[in-house]
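Just below is one structure, and these are the notes that go with it.
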Amino acid sequence: MDILDRFLMYAKIGTQSSEDAEAQPTSIDEFDLARLLEQQLRDMGAQDVRLSEYCYVYARIPSNLDPASPEAQKTPKLGFIAHMDTSPDAPGNGVSPRIIHAYAGGDIALGSGAVLSPVTFPALRAAIGDDLAVTDGTTLLGADDKAGVAEIMDLAEYLLTHPEVKHGEIEIAFTPDEEVGRGTEHFDLAGFGADAAYTVDGGTLGHLEYENFNAAAGTVRIRGVNVHPGSAKGKMVNASLVGMAFNALLPECRPDNTDGYEGFFHLCSIRGDASDCEMKYIIRDHDRDKFEEKKRIFQEAADTLNEKYAGTDASVEVTLRDQYYNMKEKIKPYMFLIDAAEKATRAVGAIPEAVPIRGGTDGAVLSYKGLPCPNLPTGGENYHGVYEYLNINAMRKIAAMLVEITKNMVGARD
């Protein structure tokens with residue numbers, strides 16, 4: 001099956017995960033894609049294919065190396081991982097991709113008034129002449145991470161139909177709920193069996209990622225004192241205004257004014273009234289010390305307001321939960337993974353560049369659980385919104401790059 005046809009098939013299946021659900025998967029719809037992938041892997045001839053009760057799909061492609069050979073002893077069992085869910089940040093059902101053949105440059109009218117413009121998204125200029133998949137302006141596209149899923153499936157089909165390509169044992173996993181931070185919650189690490197792995201969940205062709213944010217989720221719950229506004233003087237404490245004051249106490253490092261290694265506070269949502277207010281944040285920084293400092297500042301903002309309103313019934317309560325940590329220190333002893341990926345990138349005509357992830361992946365958590373897991377690109381851009389697009393030419397090259405990595409991994413471990 002052509003890789004574009006694969007991607008379009010997967011993109012049209014709604015798999016949006018949910019922040020509010022307690023069960024896993026957080027959306028029962030994720031099983032629709034999982035069952036399809038399970039069947040396709042069986043049809044290809046992959047071994048040990050299984051779908052878990054928590055919506056994880058696993059499969060294995062056996063090594064075709066002589067097990068007695070020295071190179072086989074130095075070839076790690078290599079995993080490839082992608083997530084099936086799409087972000088809850090934008091509509092994810094009813095995805096209707098449109099193909100732009102040989103993009104000529106300039107604006108692309110998506111529909112519903114949305115315009116994909118190189119003025120706003122300069123990376124588009126690098127795609128001139130390439131084929132693109134874009135949205136209809138009403139939903140996200142799903143390249144994050146169904147492009148990664150399609151690329152791994154393309155790899156599996158290629159290896160299973162080209163026995164002349166020598167490779168070690170390949171483990172495959174597709175996970176649910178990555179977009180809501182739960183992609184590894186029930187990941188069967190022992191059953192997966194890889195010595196090392198890659199997530200295929202990045203963006204631009206050439207980008208190789210093994211540094212990511214340290215991440216925490218912060219929730220602020222504010223109880224106000226609400227009385228009739230006509231007699232409120234000296235009595236009312238408006239919870240929503242206290243929420244605005246809380247945000248004003250934080251440093252002005254936000255996603256819209258930071259880049260590279262700079263961390264931020266991001267107010268994801270706010271809802272409330274004069275009586276009660278709840279605010280949800282994410283806190284990010286690549287540097288662990290700066291990350292801890294940001295959490296301290298977050299708590300101190302609440303302490304300052306509680307001191308201000310002491311003697312009233314108003315209160316500000318902060319809850320902080322660490323989500324994942326920078327994988328860099330866990331990848332350093334396994335730099336052969338990066339070397340193999342760099343060599344594969346050059347083999348498909350791209351220039352490798354190590355870039356920090358301004359986010360996180362399943363691989364960050366898995367690296368701390370003992371499975372070193374850097375991140376590879378998919379060819380997608382502008383994730384989590386209606387301006388998302390996929391460079392189809394890049395997607396094809398990345399699929400070829402995965403094959404090259406499996407070749408490069410033969411005998412790679414000292």
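Each Lys and Arg adds +1 at its Cβ and each Asp and Glu adds -1 at its Cβ; summed about the Cα centre, region 325-414 shows a dipole of about 180 debye. Straightening the chain between I270 and A123 buys 49.8 nm, computed as 0.36 nm per residue apart minus the Cα-Cα spacing.
Plainly put, region 215-324 has a radius of gyration that is 1.03 times its Kirkwood radius, both from alpha-carbon atoms, as the Rg/Rh ratio. Each residue in H207, H83 was given a count of other beta-carbon atoms within 10 angstrom of its own, and listing them fewest first yields H207, H83. When each of I152, I28 is scored by the number of other beta-carbon atoms lying within 10 Å, the sequence from fewest to most is I28, I152.
Distance between the C-alpha centres of region 25-101 and region 216-236: 48 Å, rounded to the whole angstrom.
Each Lys and Arg contributes +1 and each Asp and Glu -1, all at the Cβ; summed about the Cα centre of region 215-324, the dipole is approximately 380 debye. In this rough spin-label picture, where each label sits 7 Å from Cα along the Cβ direction, the T138-A310 distance is 5.6 nm. Across the options T175, G359, G45, the greatest Cα extent toward the positive end of the charge dipole of the chain (unit charges at beta carbon of Lys, Arg, Asp, Glu) belongs to G359. Summing +1 for each Lys or Arg and -1 for each Asp or Glu among the other residues whose beta-carbon sits under 13 angstrom from that of N408 gives +2.
What is the sum of charges, Lys and Arg at +1 and Asp and Glu at -1, for the other residues whose Cβ falls under 14 Å from the Cβ of E262?
On the way: positive: R254, R284, K290, K294, R358; negative: E211, E252, D256, D259, D285, D287, E293.
Taking every Cβ under 14 Å from that of E262, the sum is -2.
Only one residue of F31, N226, N212 has its Cα farthest out toward the positive end of the dipole of the chain, where Lys and Arg carry +1 and Asp and Glu -1 on Cβ, and that residue is N226. Residues F174, F265, F80 in ascending order of nearby Cβ atoms (within 10 Å, fewest first): F265, F80, F174.
When the GluC sites (Glu not before Pro) in region 232-294 are filtered for DSSP coil states and for at most 14 other beta-carbon atoms within 10 Å of their beta-carbon, the remaining sites are E252.
Calculated mean residue ellipticity, 222 nm, the chain: -9000 deg cm²/dmol, from DSSP H runs (n ≥ 4) at -39500 (n - 2.57) each, averaged per residue and rounded to 500.
Between [x] 22.7; [y] 23.8; [z] 21.7, which entry matches Kirkwood radius over Cα pairs in Å as derived from the coordinates of this structure? Among [x] 22.7; [y] 23.8; [z] 21.7, the one derived from this structure is [x]. As a length-normalised measure over Cα pairs under 8 Å and 6 or more apart, the relative contact order of region 215-324 settles at 40 percent.
How much net charge surrounds K369 when only other residues with a Cβ under 12 Å from its Cβ are counted (Lys, Arg +1; Asp, Glu -1)? Result for the local shell: -2.
Within region 168-208, none of the GluC sites (Glu not before Pro) combine a DSSP coil assignment with at most 12 other C-beta atoms in a 10 angstrom radius.
Given Cβ point charges of +1 (Lys, Arg) and -1 (Asp, Glu) and nothing else, what value in debye, to the nearest 20, does the dipole of the chain about its Cα centre take? If you can, show how the numbers build up before the last one.
Details: 39 positive and 64 negative charges, 105 e Å.
With Lys and Arg at +1 and Asp and Glu at -1, about 500 debye.
A short reminder: the numbers here are calculations on the coordinates, not readings from a lab. If you're wondering where the values come from, they're calculated on a predicted model, not measured in any experiment. Please note: Cβ atoms are built from the backbone with ideal geometry, for glycine as well, and neighbour counts cover all protein chains shown.
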